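Worksheet for the structure shown next.
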Amino acid sequence: MALRSRLYLALRGAHGAYALRQKSIRTYARTILRGPAAPGAHRIVERTRPARNADAPLDAYDDPHSAPAMAIDRHLDEVEVVASEPEATDTRDVEAEAAGEGGLPITTRLELHDPQTEAVWPMLRTINLEGRVLPGATVPELSRETAQRMYEVIVRVQTMDDVFFSAQRQGRISFYMTNTGEEALHVGSASALDPDDVVFAQYREAGVLMWRGFTLQNFADQCYGNADDVGKGRQMPVHYGSRKHNFQTISSPLATQIPQAVGAAYALKLQGAPNVAMCYFGEGAASEGDFHAALNFSATLEAPVIFFCRNNGYAISTPAKDQYRGDGIVARASGYGVAAIRVDGNDALAVHQATAEARTFALSNNRPVLIEGMTYRVGHHSTSDDSTRYRSLAEIQGWKDKDQPEVRFRNWLRSKGWWSTEQETSARQEARNEVLRALQAAERKAKPPLSAIFEDVYAELPDHLLRQKKDFDEHVARHQDFYK
């Protein structure tokens, strides 16, 4: 087949329609005419760059008399194909040759792509460390009431962390995990979700649940495992959950919630619900197999799920530099066909904007989105950890001095006249009083009844559990003094 005819037929196909939309004929012709049969055998000369037709549907090119198809004829008049040697015989399908097996582009040049030399994913930021809006940045349109509430949740989370951490050190509760340094990530993302969006958290997202209405008394009751704990004392402290607030109960094993969130998102899609599943996890959890299975699962099932990775620099004691060699976690999304955003996790406004965009995209396209929030874990991993064993005090203090998310957000609020020194003093004192009252009340409450261990799984107990309950009741009756 003559060179010009090969080019003509290829451009008349679907791939040609794409070419006219996306690239110049010169570029596309070079792809068509360069093949393994005669690499580099032809030279393409484009006298003028043809206009692109971005609006024509692909099937418009099937009619030879249609305007898009006739435009190809005019464009071909501007392309000169010069053969530097005789054309090799090749009977393969023109479009398959152009796109390769599976629609892949063909190249004759051997290239090894080294990710460590490629561009780094940019990080979205709207306000600087002083709380001033960056030139060119788009700040989300938040009402005064919403912005103030976001900051008030930050204050309450910080106060709760301070008091509960001290309570654990005093032996009043058995375990605790602080959220210090990551509070902006909580309120920024939670404020962009719908209350009916289902949340799957890890264990450092207390601000998300607090934003949804979980009270300080609820938090205290859970950490004490008392009779008013919605989990009836069955979980470790800080393993919160609330059906009322669409917040799935936290579990200790890393990353188990990630594939579960995909399943929930797929169910929402089948139900036709206008909601997403939001899944939080740390960069350490992204090293678990569940993370990779979940991303692939979500992409192939086209599930409206948002994966939110809190990259706080440490997986317990393992620093990020020992956790991976790629460009963080966000760079992994492309390999699974997942859309992605990297955002400054200490910028509450940027996090809100990124989450809102991810949610819109997920619902509009029934596709998953991965968000990587870059932040820093200022506190210890938990009350069982001493982080000074693997990082210096100077490093921790450096982050406190350089980038405190609440300071940045507070400065922005003040620049708008939405927050004052008096409000700051009042909010922190009120939060401390309320946390102390909740803690004292939780201490005085009774523990859940022993019979509760048989509840909340089956509507009607099966025979094997009825037998176990009978044995259990008899055991308690024989040892009443011990089980008072």
**Q.** Among (1) at pLDDT 95 or above; (2) assigned to a loop (DSSP other than H, G, I, E, B); (3) open to solvent by 20 Å² or more (accessible area, probe 1.4 Å), the one test that residue 158 misses
**A.** (2)
Q. Any chance the range 408-416 includes a residue that's farther than 27 Å from residue 167 by Cβ, within 30 Å of the chain's Cα centre (by Cα), surrounded by fewer than 19 Cβ atoms within 10 Å (Cβ to Cβ) and of a type outside the set (S, T, N, Q)?
A. yes
Q: Output the residues belonging to the range 103-117 that are open to solvent by 100 Å² or more (accessible area, probe 1.4 Å) and either under 25 Å from the mean Cα position of the chain (by Cα) or modelled with pLDDT under 90 (or both).
A: 104, 105, 113, 116, 117
(Q) Yes or no: the range 266-273 includes at least one residue that is over 21 Å from residue 185 (Cβ atoms) and touching a Ser or Thr at 6+ places or on another chain (Cβ under 7 Å). (A) no
(Q) I'm told residue 386 meets every condition in (1) of a type in the set (D, E, K, R); (2) loosely packed, with under 15 Cβ neighbours inside 10 Å; (3) more than 30 Å from residue 258 (Cα to Cα) except one. Can you identify the failing condition by its number? (A) (3)
Q | Qualifying helices (runs of 4 or more DSSP H) (wholly inside the range 365-484; at least 2 residues being assigned by the TED database to the domain that holds residue 220) | A | 393-402, 405-415, 421-444
Q.
List the residue pairs whose Cβ atoms are under 8 Å apart, where the first residue sits in the range 465-484 and is closer than 14 Å to residue 452 by Cβ and without any contact (Cβ under 8 Å) to a residue 60 or more places away in the chain, the second is outside any helix (DSSP H, G or I) and open to solvent by 70 Å² or more (accessible area, probe 1.4 Å), and the two are 6 or more positions apart or on different chains.
A. 465/458; 476/483
Q: Could you give me the residue pairs with C-beta distances under 6 Å whose first residue belongs to the range 266-294 and is open to solvent by 10 Å² or more (accessible area, probe 1.4 Å), whose second residue is assigned to a helix (DSSP H, G or I) wherever it lies, and which are 6+ apart or on separate chains?
A: 266/301; 275/268; 290/258; 290/259; 293/259
Q: Would you mind finding the one in 256, 300 that is open to solvent by 30 Å² or more (accessible area, probe 1.4 Å) and within 26 Å of residue 218 (Cβ to Cβ)?
A: 256
Q. Can you name the residue in the range 127-148 that is in a helix (DSSP H, G or I) and in contact (Cβ under 8 Å) with a residue 60 or more places away in the chain and is also most open to solvent (accessible area, probe 1.4 Å) among such residues?
A. 144
Q: Scan (1) within 28 Å of residue 142 (Cβ to Cβ); (2) modelled with pLDDT under 95 for the single condition residue 365 breaks and write down its number.
A: (2)
Q) Is it fair to say residue 224 is open to solvent by 20 Å² or more (accessible area, probe 1.4 Å) and touching a helix residue (DSSP H, G or I) at 6+ places or on another chain (Cβ under 6 Å)? A) yes
(Q) Being in contact with a Leu (Cβ under 6 Å, 6 or more places away or on another chain) and not in a helix (DSSP H, G or I) is the filter here; which residues of the range 279-309 pass it? (A) 288, 304, 307
Q. Taking into account only those residues within the range 232-253 that are in contact (Cβ under 8 Å) with a residue 40 or more places away in the chain and among the basic types (Lys, Arg), which is surrounded by the fewest Cβ atoms within 10 Å (Cβ to Cβ)?
A. 234
Q.
Checking the condition open to solvent by 30 Å² or more (accessible area, probe 1.4 Å), hydroxyl-bearing (Ser, Thr, Tyr) and over 18 Å from residue 357 (Cβ atoms), which residue from 314, 324 passes?
A. 324
(Q) Among the numbered criteria (1) assigned by the TED database to the domain that holds residue 382; (2) open to solvent by 80 Å² or more (accessible area, probe 1.4 Å); (3) not basic (Lys, Arg), which one does residue 183 miss? (A) (2)
**Q.** Among the candidates 434, 455, residue that is among the acidic types (Asp, Glu) and closer than 30 Å to residue 142 by Cβ
**A.** 434
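The values are calculated or read from the model by the stated rules, or taken from the named source; none is laboratory data. All of these numbers come straight from a predicted model, not from anything done at the bench. Cβ: placed from backbone, ideal geometry, glycine included. Neighbour counts: every protein chain shown. These area figures cover heavy atoms from the full protein model, side chains too; ligands, DNA and RNA do not enter into them. Shrake-Rupley method; radii C 1.70, N 1.55, O 1.52, S 1.80 Å.
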